[in-house]
Every structure is written in structure tokens, then in C-alpha cells.
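The values are calculated or read from the model by the stated rules, or taken from the named source; none is laboratory data. All values reported here derive from a predicted model rather than from experimental measurement. Counting neighbours? That spans all protein chains shown, and the Cβs are built from the backbone with ideal geometry, glycine included.
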Amino acid sequence: MQREAELLARHARAEPVPPGAVAYAGLASPLGTIWMASGPNGLLAVEHGVGEAEFCHAVERMGHGPTYYSPPVLATPMTQVREYLAGERRGFDLAVDLRGCTPFQRTVLTAISDIPWGEVRSYGEIARDVGRPAGARAVGGAVAASPLSIVVPCHRVTRGDGSAGEYALHTLGSCGRHYKLMLLSIEGFSFG
């Protein structure tokens, strides 16, 4: 509750965002603060399990320039993520900007976005879907580097043996599996 109060207090001090610049904001959630960044072409990043400075620096390293704290710019994405976490939304109606991703990663993330709510696919199935039947490992790398947690449902991608596998390993470490299971449980999916 303290973090939520801090975010709400900071909301009142939103920075003006220059035209073409990147706005970001934080949403208090059961997963901790979910940071989001958006540019002129859509949502650039959604991440949890990281601090504010780390998130902003990651967005800047993606080549998107400086970030400006402005929750009003991210009102729609924050509302949709909040609704998803409450079990009130099954999909997202948001423009996403994947220009910071490699062409292969864009292909993989687009395929993952087609996985229906409450269902899972294996890394191998995604590899076959994108025309790289022997590329399950490459798909895993593309998923691990996804800048759009939750909105691109990487939590719906599992191991070929039917187990959950990891989730956001680069930021959440071994705790990522717990978050993955939480997200899948919101969708009514459980493992055996």
C-alpha cells in the first residue's frame, strides 16, 4: 500500500512530455510495481521486478531516448493491465512498438500474441509456427528478451515436457516461475 500511495502522489507531479519523446509510469500491482513506457508509435516496454531507474535505463538502452514520468500518457495501458490482473480482461487493445526488437524476435512475439487467453504453447510449437522447427532454443531467447511482459503473453509459453519453465529470468531470476504461475492462474490455467 505504501508503494501505491507513493505512485499516486507522484502522479500529481507528471512531467511534460516533449513531442516524440517516451513517457513512462508505474502501476502498483500484486506483482509489485509494473513499469510501462510508451512512445509515439505505441507501447515500448512493460516490466515488473525491476526498479524505476533500471527500467528507464533499459528503455534508453533500447534506443528510445530519455524518458519522462507521465502517468496520464499511459492511462489506457495501465487501465487495461489493471483489468487483466483483476481477471476482467482477456486481451489487450494497445498499439505496441517492436522496432527495438530483432526481426526474428518480432516474429516470435507476434506469434505469442496469438496464443489465446488461458492456453499455452511450447517453445517448440512456436518455433514451428514461425517456420523454424528446430529453433525452440532461439524462440526461448527471443521470449526471454521480450520488452513487453504481460501485454505480449510470454507467460503462455512453456517447455516441451509440459512444465511451466522460467519467466523473465533476466530480471526476476528464479522467482519468475512464481509470477508466471500467478499470471496463468488469472487465466484459469494450472499445471496438472
In the stretch 60-89, what residues are in contact (Cβ under 8 Å) with a residue 60 or more places away in the chain, farther than 21 Å from G118 by Cα and either aliphatic (A, V, I, L, M) or not in a helix (DSSP H, G or I) (or both)? M62
Surrounded by fewer than 15 Cβ atoms within 10 Å (Cβ to Cβ) and assigned by TED's automatic domain parsing to the domain that holds V151: which single residue out of G131, G91 fits that description? G131
Only one of these is more than 27 Å from L183 (Cα to Cα) and at pLDDT 90 or above: T67, T33. Name it. T67
All helices (runs of 4 or more DSSP H) inside the stretch 95-170 with 2 or more residues being modelled with pLDDT under 95 and under 12 Å from the mean Cα position of the chain (by Cα): 136-144
Residue hits (the stretch 105-121; crowded, with 18+ Cβ neighbours inside 10 Å and either of a type in the set (D, E) or in contact (Cβ under 8 Å) with a residue 40 or more places away in the chain (or both)) are Q105, L109, I112, I115, V120
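Residues are listed down the side, and each one gets a yes or a no for (1) under 30 Å from P18 (Cβ atoms); (2) out of contact with any Lys or Arg (no Cβ under 7 Å at 6 or more places or on another chain):
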{"site": "A75", "(1), (2)": "yes, yes"}
{"site": "W117", "(1), (2)": "no, no"}
{"site": "R121", "(1), (2)": "no, no"}
{"site": "P153", "(1), (2)": "no, yes"}
{"site": "D161", "(1), (2)": "no, yes"}
{"site": "E187", "(1), (2)": "no, yes"}
